[in-house]
Amino acid sequence: MKIDKKLIKELVDHLNEFGLNELEYQDGEKKVKVSKGSRTIDQIKTGAVVSPTKAVLNDFNDTESIRIKSPIIGTAYLSPEPGAKKFVEVGDKIKKGQTIMIVEAMKTMNHVPSTSDGVIKKILVNDGQPVEFGQPLVILK
């Protein structure tokens, strides 16, 4: 099997560009996975890495809140264009299917719809922040 160095370099560049720790690519039977798997000695000893997003999520009771997650990896934008009004603000009542933000992936703007009716309790990402697949974006109540 020949290693495609150009593909690996491109995937590593995407890791850095989008702030990801791991990325998997598949084309037919060819499957490539790249990751930033190195951890510091202190992290290995403690066995835990605290993520600010996870700490924020623990503030909300699972039975009372709904998390809207990113459907793709990319860059989150809270408004349709720079300087425009945000799609949603904390305290807004929203309906199922309403756009809460855009996630750009490979120059394509993907609208992220609300998965249910509710009130915005917390917006977990900043404008222009890289997001990963399945990462919570908004908490509804």
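A few comments on the model shown:
- Highest-first arrangement of 104-110, 135-141, where packing means the average Cβ count within 10 Å: 135-141, 104-110
- Loop chymotrypsin sites (Phe, Trp or Tyr not before Pro), the range 70-141, which have at most 14 other Cβ atoms in a 10 Å radius of their Cβ (DSSP): F133
- Note on the range 52-140: Cα convex hull, mean projected area over all directions, 5.4 nm².
- Of K93/K122; K30/K107; K6/K30; K5/K31, those spanning more than 22 Å from alpha-carbon to alpha-carbon: K30/K107
- The range 19-34 versus the range 89-129: alpha-carbon centroid distance in Å: 27 Å
Where a number appears in this text, it was derived from the coordinates with a stated rule and is not lab data. In this text the structure is predicted, and so the values were computed from the model without any measurement. Don't worry about glycine lacking a Cβ; one is built from the backbone with ideal geometry, like all the others, and counts go over all protein chains shown.
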